[in-house]
Amino acid sequence: MVPEHSAMLIVAVVLVITHLGLAVLMATVTARAAAGRLPRNQWVGIRTPATMRGEAAWIAGHRAARRLTPLYVLNSAAASAVLVLGVLRGWSVGHEILVGILAFVTFTVISVYAVIIAGRAARSTGDDQ
């Protein structure tokens, strides 16, 4: 195997594992918080002033954000498929990295939108503990 192909394969594997891991993490945390199995905390979940006001606001915010979970999975699956295709087609390492960066940007946009709708849902509860 030529060094360029080895580097491309390593980059693709690392990016696929990272994207799949992020999708699983986001889906798990959001589902647990939405179900009330992840209490309000300072480390994990959507932590905005609105969602941190009380337990009802925390749960309502995560329930609203849970609707976007399929987008995380779709983004991860699409990025993984394109990265594998790139390995099979012999793309350069730069192209693989570009695909990974675009998927991270998409992930960030989805996350920002999730925070916005979580905040709206949390504020609508009137929860002020």
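The values are calculated or read from the model by the stated rules, or taken from the named source; none is laboratory data. Only a predicted model underlies this, so the values are computations on that prediction, with no experimental measurement involved. Cβ coordinates were reconstructed from backbone atoms using ideal geometry, including for glycine residues, and neighbour counts include every protein chain displayed.
Points worth noting:
- Condition check for L102: under 17 Å from V14 (Cβ atoms) and within 15 Å of the chain's Cα centre (by Cα): yes
- Residue identified as of a type in the set (G, A, S) and over 20 Å from V24 (Cβ atoms) among G100, G126: G126
- Residue tally, condition free of Cβ contacts under 8 Å to residues at least 24 places away in the same chain and over 12 Å from the mean Cα position of the chain (by Cα), over region 1-34: 9
- Helices (runs of 4 or more DSSP H) fully within region 1-109 counting 2 or more residues that are more than 16 Å from A122 (Cα to Cα) and at pLDDT 95 or above: 3-34, 69-89
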